[in-house]
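A.B. asks: Before I ask anything, let me first share the structure, which is written out below as structure tokens.
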Amino acid sequence: MIIDIDIKGREYDIVLERGCIRRAGELLSAGRKCLIVTDDGVPEEYVNAAASGCGSPYIARVPQGEGSKSMAELERLLMLMLDSGFTRSDCVIAVGGGVVGDLAGFAAATYMRGIDFYNIPTTLLSQADSSIGGKTAVDLGGAKNIAGAFWQPSRVLIDPDTLKTLPEDQLRSGLAEIIKAGLIADAELFEYIERAAIDEKVSAAILNKLDIERVLEAALRVKKAVVEEDEREAGPRRMLNFGHTIGHGIESVTGMLHGEAVALGMIPMCSPGLRERLMRVLSGTGLPVSLEADSDAVYQAMLKDKKMKDGKIAAVYVDEPGAAYIRMTTPEDLRERIGIIAK
């Protein structure tokens with residue numbers, strides 16, 4: 001399946017197909033110097049598949065985890081390209097999860113003011129969300145994604161077969177972003193997951209309980225529609241931040257996986273009736289429903305986020321599945337909402 005992303009001047013497509021990673025050599029226009037950025041948890045066969053079509057592959061592995069989204073790792077990648085004689089005609093390929101994609105994409109965006117970037121996401125979270133849309137960044141001073149750029153990939157390869165090697169917590173983390181997509185713009189997607197979660201816990205065997213290609217396509221089409229309308233987050237794209245305002249604070253304080261923190265961050269931003277439904281879904285999929293951390297520390301971390309303007313935050317709310325809206329909100333209101341999930 002091919003999903004086209006139509007952003008003026010930066011059009012590209014997503015290949016969503018089982019086994020497509022084995023065809024990376026033919027699917028990517030990479031017969032040149034390629035910096036392949038991956039992490040130390042990605043299977044070697046995926047990296048080798050990406051390298052197979054490169055004229056001269058250079059492989060850079062970073063440690064797993066958010067800590068690799070740093071200025072130090074960014075500088076290391078840039079210096080590797082500089083020392084290896086990369087030009088504007090060469091490219092960067094990310095093979096891994098969201099951390100790898102963010103870091104590699106930012107390196108591609110900044111080297112010689114921008115070179116081609118290809119993304120091969122291998123986690124559920126990155127396949128459903130972060131691999132498309134062009135947001136690239138590293139963390140700085142304890143604030144997530146504070147230094148970055150909008151840089152669209154030239155192509156994205158999504159192979160659901162790579163999910164078979166993922167641990168359960170990574171699958172749950174990715175499912176949270178798919179639930180988010182349903183809540184903000186696709187009621188049918190949310191209700192499909194809701195039925196599965198209530199019928200039987202799906203966390204231990206998510207790939208068997210859900211049609212993973214169906215939910216991936218649905219989530220990708222939600223994001224496609226939003227980023228085509230608003231590439232640089234001037235308006236509607238902020239809907240994709242649902243759960244992230246509080247979630248980023250939780251993630252910074254607790255070190256939870258991104259999707260787990262977003263799951264918690266969504267709960268207070270729902271209407272009371274939807275909140276109860278969402279909590280049942282999260283419980284059924286093994287995601288957290290209560291905060292086991294100092295709520296004031298989460299609040300202080302949240303204030304470091306970049307969504308503040310004139311003393312208020314553009315927060316995303318959902319009263320009914322598929323119908324998100326944005327409202328300028330005081331930090332004090334969000335502090336009270338953190339209390340909803342605090343033990």
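The values are calculated or read from the model by the stated rules, or taken from the named source; none is laboratory data. None of the values given here were measured: they were computed from a predicted structure. Note: ideal-geometry Cβ built from the backbone for every residue, glycine included; neighbour counts use all protein chains shown. Surface areas here come from the heavy atoms of the whole protein model, side chains and all, with no ligands, DNA or RNA. Shrake-Rupley method; radii C 1.70, N 1.55, O 1.52, S 1.80 Å.
A.B. asks: Hey, can you tell me all the residues within segment 295-343 that are in contact with a helix residue (DSSP H, G or I) (Cβ under 7 Å, 6 or more places away or on another chain) and in a loop (DSSP other than H, G, I, E, B)?
C.D. replies: First, the residues of segment 295-343 that are in contact with a helix residue (DSSP H, G or I) (Cβ under 7 Å, 6 or more places away or on another chain): 295, 297-299, 301-303, 305, 307, 313-322, 324, 326, 334-335, 337-342.
Answer for segment 295-343, where residues must be in contact with a helix residue (DSSP H, G or I) (Cβ under 7 Å, 6 or more places away or on another chain) and in a loop (DSSP other than H, G, I, E, B): L303, D305, K307, D319, E320, P321, G322.
A.B. asks: Exactly one condition in (1) open to solvent by 10 Å² or more (accessible area, probe 1.4 Å); (2) at pLDDT below 95; (3) of a type in the set (A, V, I, L, M, F, W, C) is false for I132; which is it?
C.D. replies: So I132 meets the others, but not (1).
A.B. asks: For residues that are modelled with pLDDT of 95 or more and among the charged types (D, E, K, R), scanning just segment 238-289, find the one that is most open to solvent (accessible area, probe 1.4 Å).
C.D. replies: Among those that are modelled with pLDDT of 95 or more and among the charged types (D, E, K, R), it is E276.
A.B. asks: Exactly one of (1) farther than 27 Å from K224 by Cα; (2) surrounded by 24 or more Cβ atoms within 10 Å (Cβ to Cβ) is unmet by L140. Its number?
C.D. replies: The number of the failed condition is (2).
A.B. asks: Right, something else. Is it fair to say E11 is farther than 16 Å from L163 by Cβ, surrounded by fewer than 16 Cβ atoms within 10 Å (Cβ to Cβ) and free of Cβ contacts under 8 Å to residues at least 12 places away in the same chain? If you could, list the steps in order and put the result at the bottom.
C.D. replies: Details: farther than 16 Å from L163 by Cβ: yes; surrounded by fewer than 16 Cβ atoms within 10 Å (Cβ to Cβ): yes; free of Cβ contacts under 8 Å to residues at least 12 places away in the same chain: yes.
Yes; evaluated as a whole, the condition is true for this residue.
A.B. asks: Ok, one more. From D169, D159, which residue is in contact (Cβ under 8 Å) with a residue 24 or more places away in the chain, charged (D, E, K, R) and open to solvent by less than 10 Å² (accessible area, probe 1.4 Å)? Step through it out loud before you land on a result.
C.D. replies: Numbers: D169 fails: open to solvent by less than 10 Å² (accessible area, probe 1.4 Å).
Among D169, D159, only D159 is in contact (Cβ under 8 Å) with a residue 24 or more places away in the chain, charged (D, E, K, R) and open to solvent by less than 10 Å² (accessible area, probe 1.4 Å).
A.B. asks: Does segment 66-87 hold any residues that are touching a strand residue (DSSP E or B) at 6+ places or on another chain (Cβ under 9 Å) and over 19 Å from K144 (Cα atoms), and which are they?
C.D. replies: R76, L77, L80, M81, S84, G85, F86, T87 - these are the residues of segment 66-87 that are touching a strand residue (DSSP E or B) at 6+ places or on another chain (Cβ under 9 Å) and over 19 Å from K144 (Cα atoms).
A.B. asks: Suppose the filter is hydrophobic (A, V, I, L, M, F, W, C), in contact with an Asp or Glu (Cβ under 8 Å, 6 or more places away or on another chain) and open to solvent by 10 Å² or more (accessible area, probe 1.4 Å); does A196 pass it? Explain how you work it out, then say what you get.
C.D. replies: Numbers: hydrophobic (A, V, I, L, M, F, W, C): yes; in contact with an Asp or Glu (Cβ under 8 Å, 6 or more places away or on another chain): no; open to solvent by 10 Å² or more (accessible area, probe 1.4 Å): yes.
No; evaluated as a whole, the condition is false for this residue.
A.B. asks: Identify the single condition in (1) in contact with a Pro (Cβ under 9 Å, 6 or more places away or on another chain); (2) more than 23 Å from G133 (Cα to Cα); (3) of a type outside the set (F, W, Y) that I36 does not satisfy, given that it satisfies every other one.
C.D. replies: (2)
A.B. asks: Right, here's the next one. Which of the numbered conditions does G142 fail, given that it passes all the others? Conditions: (1) more than 28 Å from R10 (Cα to Cα); (2) touching an Asp or Glu at 6+ places or on another chain (Cβ under 9 Å).
C.D. replies: Going through (1) more than 28 Å from R10 (Cα to Cα); (2) touching an Asp or Glu at 6+ places or on another chain (Cβ under 9 Å) one by one, G142 breaks only (2).
A.B. asks: Could you grab me the full set of residues in segment 107-118 that are open to solvent by 20 Å² or more (accessible area, probe 1.4 Å) and either under 18 Å from D13 (Cα atoms) or under 17 Å from the mean Cα position of the chain (by Cα) (or both)?
C.D. replies: Correct list: D116 only.
A.B. asks: Follow-up question, since we're still on this one. How do the strands (runs of 3 or more DSSP E) wholly within segment 124-227 filter down when requiring 3 or more residues that are out of contact with any Cys (no Cβ under 8 Å at 6 or more places or on another chain), among the β-branched types (V, I, T) and farther than 22 Å from A107 by Cα: which remain? Walk me through how you get there before you give the answer.
C.D. replies: Working: elements: 135-140, 143-150, 155-158.
Of the strands (runs of 3 or more DSSP E) lying wholly inside segment 124-227, none has at least 3 residues that are out of contact with any Cys (no Cβ under 8 Å at 6 or more places or on another chain), among the β-branched types (V, I, T) and farther than 22 Å from A107 by Cα.
A.B. asks: If we scan segment 68-91, do we find a residue that is more than 18 Å from D159 (Cα to Cα), open to solvent by 10 Å² or more (accessible area, probe 1.4 Å) and at pLDDT below 95?
C.D. replies: The answer is no, given that none of the residues of segment 68-91 is more than 18 Å from D159 (Cα to Cα), open to solvent by 10 Å² or more (accessible area, probe 1.4 Å) and at pLDDT below 95.
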